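The values are calculated or read from the model by the stated rules, or taken from the named source; none is laboratory data. This structure is a prediction, so every number in the text was calculated from the model and none was measured. Cβ sites come from the backbone with ideal geometry, for glycine too, and all protein chains shown count toward neighbours. Each accessible area value is taken on the protein alone, full model and side chains, heavy atoms only, with ligands, DNA and RNA left out. Shrake-Rupley method; radii C 1.70, N 1.55, O 1.52, S 1.80 Å.
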Amino acid sequence: MTHPTLRAGLLATTLATAAGSASAQFEGETLYLFNWSQYMDPAIIQQFEDRHGVEVVRNYFNSNGELFAKLQAGGDSQYDVIVPSNYYVPRLINSDLVQPLDHDRLPNLDNLMDAFLDPAFDPGNEYSVAYQWGTTGLVYDESALGDVPNSWSVLFDPTVNPDAPFAVPEDAQVSLGAACAYQGEGYDCTGRDALETAAREVLDAKQRDNFAGFVQGTPILQQLVRGSVAAGMTFNGDYLFYKSEDPEGFEDIRFVIPEEGAERWVDNMMIPANAPNPELAHAFINYILEARIGAQLSNWNYYSSPNAAALPMLDAVLQEPPILPTDEQMERLTFIPSLQGESLEFLQQIWREVESR
């Protein structure tokens, strides 16, 4: 039997050797990360750099459409790890813009909750691994709008909001989903008639005098604080993150899950088809899947973790609304469908008409 002190010493030596081997493997290399803004604790990046002796270069996108366009324009050979939302995963796969994952390099994949293993949008997690999940809801300034319904009518009904400036995202499926839900068709509507009607709803909203433009979910929060808009759509984690940073500025700003239904989403880590350093990309993804790192990530950006092993280490604020929806709210939340082929072409066509008119 080995003496406990000696055993601890041997363990420390083994771990140090393993860490040294890992560091030596990637020493001096660079990882190029393409992610949403305000979505990664800088300390996590620093820890990864220190562990492996590498540099992480970060670039940011504001929408899935922007990410997709960048990859199509050659970005699939510029980045090692990207973080698209669930409904863009099949689109990236079918466009040959991403590569299959080597699960042998991802032992921490077992840390994911069952709900995020074998997702419908990527069976077997062949190409993607869950990063964070959350909701997209209605955000508004109560001091400007007063007591309004818990409804998408704040954006689409001029009698509810006759003159306060409002915006909707430029992402077709996000905005059309809200319009579909408002019309009683569900946030995940896919039928042509429902989408056409939703497009007309967004177009009618766009043509009102108080329409402030197409503004994405993160920038809308700064505009709300400045008073340049009074309502829009945003993400639950971003809302809580900025509110914690500026409690006074967000005193009258509310985030709600409209009664007609809203989006539940999961952002995923993927490796572009011609990534400069796919082996380092696998090491990074596996690192994010560590229990301690997964908890650190969510505790910093205020989004929900898909990592079962991380749950005991999450801050209390992540265990309640708006970050963790109630059971009743969960019943109203749906994933945006992944459209392909003619269905996707039809969606893109009607959205181009909305944007151009």
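Taking Cα atoms, how many degrees apart are the long axis of helix 172-182 and the longest axis of the chain, rounded to 10 and kept between 0 and 90?
Between helix and principal axis, roughly 50 degrees.
Counting each DSSP H run of 4 or more residues in the chain as -39500 (n - 2.57), what helix-only mean residue ellipticity at 222 nm follows after dividing by all residues, to the nearest 500 deg cm²/dmol? Don't skip to the answer; put the middle values down first.
Details: 14 runs with 143 residues, N = 357.
Calculated from helices alone, the mean residue ellipticity at 222 nm is -12000 deg cm²/dmol.
For residue 144, what is the net charge nearby, where nearby means another residue's Cβ is under 13 Å from its Cβ and Lys, Arg count +1, Asp, Glu -1?
On the way: positive: 226, 254; negative: 141, 142, 147, 163, 251, 252.
Counting the neighbours of residue 144, the net charge comes to -4.
In terms of modelled amide H atoms, which long-range or inter-chain residues lie less than 5 Å from the amide H of residue 213?
For residue 213, whose amide H was placed from the backbone, the distant partners under 5 Å are 168.
Would you mind working out the accessible area per residue for the chain, using a 1.4 Å probe, and quoting it in Å²?
Counting only protein heavy atoms, the per-residue value for the chain is 42 Å².
Could you tell me which of 61, 216, 349 has its Cα farthest along the dipole of the chain towards the positive end, charges placed at Cβ (Lys, Arg +1; Asp, Glu -1), taken about the Cα centre?
61
So what is the relative contact order for the chain, in percent, with contacts set as C-alpha pairs under 8 Å and at least six apart?
That works out to 26 percent.
If you place +1 on the Cβ of every Lys and Arg, -1 on the Cβ of every Asp and Glu, and leave all else neutral, what size is the dipole of region 92-241 about its Cα centre, to the nearest 20 Debye?
480
Give the residue list of GluC sites (Glu not before Pro) in region 24-56 that are DSSP loop and have at most 12 other beta-carbon atoms within 10 angstrom.
Here the sparse-neighbourhood loop sites are 27.
Classify region 34-142 as rounded, prolate or oblate, taking a ≥ b ≥ c as the square roots of the eigenvalues of its Cα gyration tensor: rounded when a/c is under 1.5, otherwise prolate if a/b is larger than b/c and oblate if not.
Cα axes put region 34-142 in the rounded bin.
Mind listing the phi-derived Karplus ³J(HN,Hα) values for region 155-167, rounded to whole Hz, using 6.51, -1.76 and 1.60 with θ = phi - 60°, and x for any glycine or proline?
After applying 6.51 cos²θ - 1.76 cosθ + 1.60, I find 9, 10, 10, x, 7, 7, 10, x, 9, 6, x, 9, 9 Hz.
Would you work out if region 209-308 is rounded, prolate or oblate? Take a ≥ b ≥ c from the square roots of the eigenvalues of the alpha-carbon gyration tensor; rounded if a/c is under 1.5, else prolate when a/b is larger than b/c, oblate otherwise.
Values: a/c = 2.33, a/b = 1.86, b/c = 1.25.
Prolate, because a/c is 1.5 or more and a/b exceeds b/c.
To the nearest 0.05, what FRET efficiency results for residue 353 and residue 110 with a Förster distance of 51 Å applied to their C-beta separation?
According to the calculation, E is roughly 0.65.
Once you put a point 7 Å from the Cα of residue 50 and another 7 Å from the Cα of residue 147, both along the Cβ direction, what distance in nm separates them?
Those two pseudo-labels are separated by 5.3 nm.
Relative contact order for region 112-239: what percent, with Cα pairs under 8 Å and sequence separation of 6 or more?
Computed value for region 112-239: 32 percent relative contact order.
I need the semi-axes of the equivalent ellipsoid of region 255-357: take the C-alpha gyration tensor, multiply each eigenvalue by 5, square-root it, list largest first in whole angstrom.
So the equivalent ellipsoid measures 30, 25, 11 Å along its semi-axes.
Compute the distance in nm between two label points, each set 7 Å from the Cα along the Cα-to-Cβ direction, one at residue 66 and one at residue 192.
3.3
Between residue 27 and residue 204, what is 0.36 nm times their sequence separation minus the Cα-Cα distance? Round to one decimal in nm.
Net length gain for the segment: 58.1 nm.
Go through 225-231, 246-252, 84-90, 108-114 and give me the packing order, highest mean Cβ count within 10 Å leading.
Ranked by mean Cβ neighbours within 10 Å, highest first: 84-90, 225-231, 108-114, 246-252.
May I ask which residue of 199, 278, 225 lies farthest towards the positive end of the charge dipole of the chain, with charges of +1 (Lys, Arg) and -1 (Asp, Glu) on Cβ and the Cα centre as origin?
Going by the Cα projections, it comes out as 278.
Apply the Karplus curve 6.51 cos²θ - 1.76 cosθ + 1.60, θ = phi - 60°, to the phi angles in region 248-260 and return the couplings in whole Hz, x for Gly and Pro.
Taking θ as phi minus 60°, the curve returns 5, x, 9, 4, 9, 9, 10, 10, 9, 9, x, 5, 7 Hz for region 248-260.
Within 15 Å, Cβ to Cβ, of residue 265, how many net charges do the neighbouring residues add up to if Lys/Arg are +1 and Asp/Glu are -1?
-3
Can you tell me the 0 to 90 degree angle between the C-alpha axis of helix 192-206 and the longest principal axis of the chain, rounded to 10?
Roughly 70 degrees, rounded to the nearest 10.
Could you check the spin-label model distance between residue 118 and residue 41? Points 7 Å from the Cα along Cα→Cβ, value in nm.
Label-label distance for residue 118 and residue 41, simple model: 3.2 nm.
How big is the accessible area of residue 300 in square angstrom, nearest 10, if you roll a 1.4 angstrom probe over the protein chains?
Per-residue accessible area (residue 300): approximately 70 Å².
Equivalent ellipsoid semi-axes for the chain, as square roots of 5 times the alpha carbon gyration tensor eigenvalues: give them largest first, rounded to whole Å. Spell out each step's value before the answer.
Working: eigenvalues 304, 107, 63 Å².
After diagonalising the Cα gyration tensor, the semi-axes are 39, 23, 18 Å.
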